[in-house]
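Read the figures in this text as sums done on the coordinates, not as results from a lab. Predicted model, so just to flag it, every value in this text is computed and none were measured. Neighbour counts run over all protein chains shown; Cβ positions are idealised from the backbone, glycine included.
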Amino acid sequence: MERQAKAANELEGLIRDRLPDAVRRHLADVKIDHVDINGGPNWVGLPIWKPDPSNYDKRAFLAVVHELGRDYDLLIDE
């Protein structure tokens with residue numbers, strides 16, 4: 001299955017939309033960083049947390065990023 005490509009701001013929005021409200025309240029921002037990996041997603045989502053996120057918040061964020069990484073690549077200018 002081929003992944004669709006989305007712009008960084010779209011991926012950031014998808015991450016926020018899929019997080020539970022309780023986790024989203026602890027998230028200040030999301031940064032999408034391009035990585036050069038063959039065969040896997042070409043991006044990682046980096047959370048910018050408000051003070052003291054819980055381990056649950058961190059696990060929930062990683063689960064959403066992993067889920068979206070299976071479906072979407074980062075749209076980049078070549």
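Could you order the peptides 11-22, 34-45 from most to least packed, using the average number of other C-beta atoms within 10 Å per residue?
Ranked from most to least packed, the peptides come out as 11-22, 34-45.
If I take R0 = 30 Å and measure r between the Cβ atoms of ALA28 and GLU2 in this structure, what FRET efficiency does the formula 1/(1 + (r/R0)^6) give, to the nearest 0.05?
That gives a FRET efficiency of 0.35.
Rounded to whole Å, give me the distance from the Cα center of region 1-34 to that of region 51-73.
9 Å
Return the Cα extents of the chain along principal axes one, two and three, sorted largest first, each rounded to a whole Å.
Cα spread of the chain along its principal axes, largest to smallest: 37, 22, 19 Å.
So which lysines pass the test for LYS6, namely a Cα distance under 16 Å, with those fewer than 8 places away in the same chain ruled out?
Excluding near neighbours in sequence, the set is LYS31.
Run the quick spin-label model on ASP77 and VAL44: label points 7 Å from Cα toward the beta carbon, then report their separation in nm to one decimal.
Computed distance between label sites ASP77 and VAL44 equals 2.5 nm.
Please enumerate, by chain and number, the aspartates and glutamates with C-alpha under 20 Å from the C-alpha of LYS50, excluding those fewer than 8 residues away in the same chain.
Those aspartates and glutamates meeting the cut-off are GLU12, ASP17, ASP21, ASP29, ASP33.
Could you work out how far helix 55-71 tilts from the main Cα principal axis of the chain, as a 0 to 90 degree angle to the nearest 10?
Value to nearest ten degrees: 20.
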